[in-house]
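In what follows, a structure is listed as structure tokens, so that the remarks can point back to it.
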Amino acid sequence: MEFSGFTFIVTEDCNFNCSYCHQIKGKKSIDPSTVEKTLDFFLPFLTEECYINFYGGEPLLAFDRIKHAVSTIQEKNKRLKKHVQYSMTTNGSLINHKILQFLNQNKFLILLSFDGLAQDVSKKSGSFDHIVSIIKEILKYSDIDLETNSVFTPSTVRYLSQSIQFIIELGVPNLDLSLDKFIPWDSSSLSQLENELSVLREFLHSSYENAESIPLVDFRQKPKKDIFCCFAGKDRMAITPDGELWGCCLFPDFFKEKKETADYKKYCFGDLDSFVDNHETVYPEILSNFSTLRTDYFFTPETSCILCDDLEECGACPLETVFSGSITKRIPLWMCEIKKIFRKEKRLLWKELEEPTKK
């Protein structure tokens, strides 16, 4: 049993109500004693190079829990001497000078949820200007790594290319691009997505020629062939404010109100105390259920994914399927179309970048 990362879901609470958010909000925050028990047990099982992530809700609503966890890790790590990378997923609205100093001192990676020109539409009206000012402040701190994640829906996809361009021009070094998988995309929205990605591809091409870099993480590397496997439970774990252990921080949101179902018992590693006492039997038993969470076991309403020519270039998170209203491992056709559009534009970009300059 060895993990490269561990996530603390420090609170269920959030001060935003994003249109695409699938999380079930609550007021519970993780207890400091749960943090200490978790670290006592799991720190020795983390690899020498590892990460600790703080997640929510909005984790900065429980900033005291984050500070307590970091302090506890530093104290316990005096003996273990692991190289720990801290990260936090946040909407950025609560960031202030005091918090920035703490994050800089502890060399945090901040994954900032910012939807660019769609911010005031999909997240919180009036938040755009504030988050832009926060981004500019974060970029002044040399020991904070910043990465943004922008989510677009069928109703905001028209903002996609301009938003990504805007964020890149702000100076953000790393960007992630995500799409709302909670509701189906119809043919019109898929067509608009294709147009937006085509425009974005042209911008990334010209940007690469000027700076020789691609800030958009999804397009940064040329397409490679590999079977996507979910690493939940294999090299990462997460704990909820309730003290439940899951293989990934996304699982609790889907299974929170399904405690009597077979899938809940299949994928939850149980509560912390029970896991500590029985991990030698519980861990391998539950982990075995994750073995089929890989794309060659997935299928669409029309065929098995293993028969697809693009299987080795397709990565579909199993929870994307269940949040879309489907069942685990069943890929809706519209989601399959989204994957095809992304693959096509990525292939075109790298084909253009690798072609000799035409004179």
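The values are calculated or read from the model by the stated rules, or taken from the named source; none is laboratory data. On a predicted model such as this, the values are computed, not experimentally measured, just so you know. Every residue, glycine as well, gets a Cβ built from its backbone with ideal geometry; the counts of neighbours run over all protein chains shown. For the accessible areas, the whole protein counts, side chains as well, though only heavy atoms, and no ligand, DNA or RNA atoms are used. Shrake-Rupley method; radii C 1.70, N 1.55, O 1.52, S 1.80 Å.
Would you work out which of 230, 160, 204 lies farthest towards the positive end of the dipole of region 141-269, given +1 charges on the beta-carbon of Lys and Arg and -1 on that of Asp and Glu, about the Cα centre?
The listed residue farthest towards the positive side: 230.
To the nearest 0.05, how large is the calculated FRET efficiency for residue 307 and residue 45 if R₀ is 35 Å and r is the Cβ-Cβ distance? Before the final figure, lay out each step's value.
Values: r = 39 Å, r/R0 = 1.10.
The formula returns an efficiency of 0.35 here.
Comparing 22, 97, 279, which has the greatest mean-square fluctuation in the GNM of the chain with Cα pairs linked when under 10 Å apart?
Ranking 22, 97, 279 by mean-square fluctuation puts 97 first.
Over region 198-286, with every protein chain in place, what whole percent of the accessible area is carbon and sulfur at 1.4 Å, could you tell me?
50
Holding the Cα-Cα limit at 31 Å, pick out from 76/136; 67/340; 140/181; 27/266; 27/124; 37/258 the pairs that are longer than that.
Values: 76/136 34 Å; 67/340 43 Å; 140/181 34 Å; 27/266 27 Å; 27/124 20 Å; 37/258 26 Å.
As for pairs spanning more than 31 Å Cα to Cα, those are 76/136; 67/340; 140/181.
List, in order, the whole-Hz ³J(HN,Hα) value for each residue of region 12-25 obtained from phi through the Karplus relation with A = 6.51, B = -1.76, C = 1.60 and θ = phi - 60°; use x for Gly and Pro.
8, 7, 8, 9, 10, 9, 4, 4, 9, 6, 9, 6, 8, 6
Give me the lysines in straight-line cross-link reach of residue 265: C-alpha distance below 18 Å, same-chain residues under 8 apart excluded.
Excluding near neighbours in sequence, the set is 234, 256, 329.
If you take the square roots of the eigenvalues of the alpha-carbon gyration tensor of region 1-40 and sort them as a ≥ b ≥ c, do you get rounded (a/c under 1.5), prolate (a/b over b/c) or oblate?
oblate
Return the FRET efficiency for the residue pair residue 24, residue 235: r is the Cβ-Cβ distance, R0 is 30 Å, and the value is rounded to the nearest 0.05.
Given R0 = 30 Å and the Cβ-Cβ separation, E is 0.70.
Quick one: how many Å² of residue 281 are accessible to a 1.4 Å probe, rounded to 10?
Approximately 90 Å² for this residue.
How large is the Rg to Rh ratio of region 65-144 when both quantities use alpha carbon positions and Rh follows Kirkwood?
1.06
Expressed as a rounded percentage, what relative contact order does region 163-222 have, with Cα pairs under 8 Å and six or more residues apart?
51
Please tell me the relative contact order of the chain in percent, rounded to the nearest whole number, where contacts are Cα pairs under 8 Å and at least six residues apart. Mind showing how you got there, number by number?
Values: 583 pairs, mean separation 58.7, N = 359.
It rounds to 16 percent for the chain.
As a check on your grasp of the helix formula, calculate [θ] at 222 nm for the chain: sum -39500 (n - 2.57) over DSSP H runs of n ≥ 4, divide by the residue count, round to the nearest 500.
So the helix-based figure for the chain works out to -12500 deg cm²/dmol.
In the Gaussian network model of the chain, springs joining C-alpha atoms below 10 Å, which of 116, 171, 57 carries the largest mean-square fluctuation?
For the chain, modelled as a Gaussian network with Cα springs under 10 Å, the answer is 171.
Which is the longest part of the chain that has none of the GluC sites (Glu not before Pro) sitting in a DSSP loop with at most 12 other Cβ atoms within 10 Å?
3-211
For region 239-255, take each phi angle, set θ = phi - 60°, evaluate the Karplus expression 6.51 cos²θ - 1.76 cosθ + 1.60, and give the result in whole Hz per residue in order, putting x for glycine and proline.
10, 8, x, 7, x, 8, 9, 9, x, 7, 5, 7, 4, x, 5, 6, 9
What do you get for trypsin sites (Lys or Arg not before Pro) in region 89-146 restricted to DSSP loop and a cutoff of at most 10 other Cβ within 10 Å of the site's Cβ?
Those that pass, being in a loop and sparsely packed, are 140.
Looking at the chain, what % of its DSSP beta bridges pair antiparallel, to the nearest 5?
Antiparallel bridges: around 15 percent, rounded to the nearest 5.
Could you report the accessible area of residue 227 in Å², rounded to 10, computed with a 1.4 Å probe on the protein chains as they sit in the structure?
40
If I model a spin label at residue 187 and residue 226 as a point 7 Å from the Cα along the Cα→Cβ vector, what separation in nanometres do I get?
3.7
Can you tell me which of 35, 199, 151 moves the most in a GNM of the chain? Springs connect C-alpha atoms under 10 Å apart.
Its mean-square fluctuation being the largest, the pick is 199.
Evaluate the relative contact order of region 243-294 (contact order divided by residue number), counting alpha-carbon pairs under 8 angstrom at least 6 apart; express in whole percent.
38
Multiplying the sequence separation of residue 178 and residue 16 by 0.36 nm and subtracting their Cα-Cα distance, what value in nm do you get?
Numbers: separation 162, 0.36 × 162 = 58.32 nm, distance 1.80 nm.
Full extension from residue 178 to residue 16 adds 56.5 nm.
Skip the ligands, DNA and RNA, and give the accessible area per residue of the chain with a 1.4 Å probe, whole Å².
47
Along Cα→Cβ, 7 Å out, is where each label goes; now give me the distance between the ones at residue 278 and residue 299 in nm to one decimal.
3.3
For region 78-193, what is the per residue volume of the convex hull drawn over the alpha-carbon atoms, in cubic angstrom?
Enclosed volume per residue, from the Cα hull, is 122 Å³.
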